[in-house]
1. Any idea what the relative contact order of segment 94-174 is, in percent, if you count C-alpha pairs under 8 Å spaced at least 6 apart?
2. Suppose R0 equals 25 Å. What FRET efficiency, 1/(1 + (r/R0)^6) with r the Cβ-Cβ distance, do Leu193 and Lys168 give to the nearest 0.05?
3. Please list, in chain and number order, the residues 5+ apart from Leu187 or on another chain whose amide H is under 5 Å from its amide H, with Hs placed from the backbone.
4. Take the Cβ-Cβ distance between Ser57 and Glu183 as r, set R0 to 35 Å, and report the resulting FRET efficiency rounded to the nearest 0.05.
5. Could you give the length gained by full extension between Phe48 and Thr153, i.e. 0.36 nm per residue of separation minus their alpha carbon distance, to one decimal place?
6. Provide the three semi-axes, in whole Å and in decreasing order, of the ellipsoid equivalent to segment 122-184 as defined by the square roots of 5 times the Cα gyration tensor eigenvalues.
7. 7 Å from Cα along Cα→Cβ at both Ala175 and Glu33: what's the point-to-point distance in nm?
8. Quick one: which of 107-120, 167-180 comes out on top by average Cβ neighbours within 10 Å, and what's the full order, highest first?
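Readers should treat all values here as calculations from the given coordinates under stated rules, not as data from a laboratory. What you are looking at is a predicted structure, and each value in this text was computed from that prediction instead of being measured. For neighbour counting, all protein chains shown are included, and Cβ atoms are generated from backbone atoms with ideal geometry for every residue, glycine included.
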Amino acid sequence: MTIDVRVSGSDNIVLTAGRDLIITAPVGSPAAEDRRNLLNLLGQVRQFWITDVLERSVSHATLLGPQVRMEPDAVAAPWRRYHEATAPSAERLPPDAPIGDVFGAVGRMLLILGEPGAGKTTTLLVLARECIEQAEGDPSAAVPVVLNLSSWTGSRSFHDWLVNELGKGYHVGRAFARRWLAEHRLLLLLDGLD
């Protein structure tokens, strides 16, 4: 049995006793002023992270190699007790699988683990480039922003830290940052999880 539920707005809770549940929450295209500001932000992310960091370091950068595999048990799934895991515990990825395809296949939530120098940051930036290209062509796509978690001390809420970092790193006003986070206009690409 499949239940198709269309959800709009924010702060929605959907409960079901059905076996399969498909939830779609369309974000929609932003207003013209927001779109201009989001495109500005997108340009900043592209310039700094892709042009200045990724493309300048690509000759000595390391991408994750053929040893990459899916490890669904590496992170505790909050709904695991309600849903039987159907994926194998470890599955090797094809060495030529684009990171954007992998990201999409796992529900656009991905944790990249590995030793220092394994290529995690470079892979994250390649994903950022693919997400930037998608956001440039699709006004309803979330704008990727790269943030370094090493500056979050836990002394304030994660949401407050995000708003502050968007202001410091990308010159996004607090009101815009809060609204864009609430409206899911931003795709958070977090680096430096040590």
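1. 16
2. It comes out at approximately 0.85.
3. Here the answer is Val143, Val145, since their amide H atoms fall under 5 Å of that of Leu187.
4. For R0 = 35 Å, the calculated efficiency reads 0.60.
5. 35.4 nm
6. Ellipsoid semi-axes (Å, largest first): 22, 16, 9.
7. My value for the distance between the label points is 0.7 nm.
8. The most tightly packed comes first, giving 167-180, 107-120.
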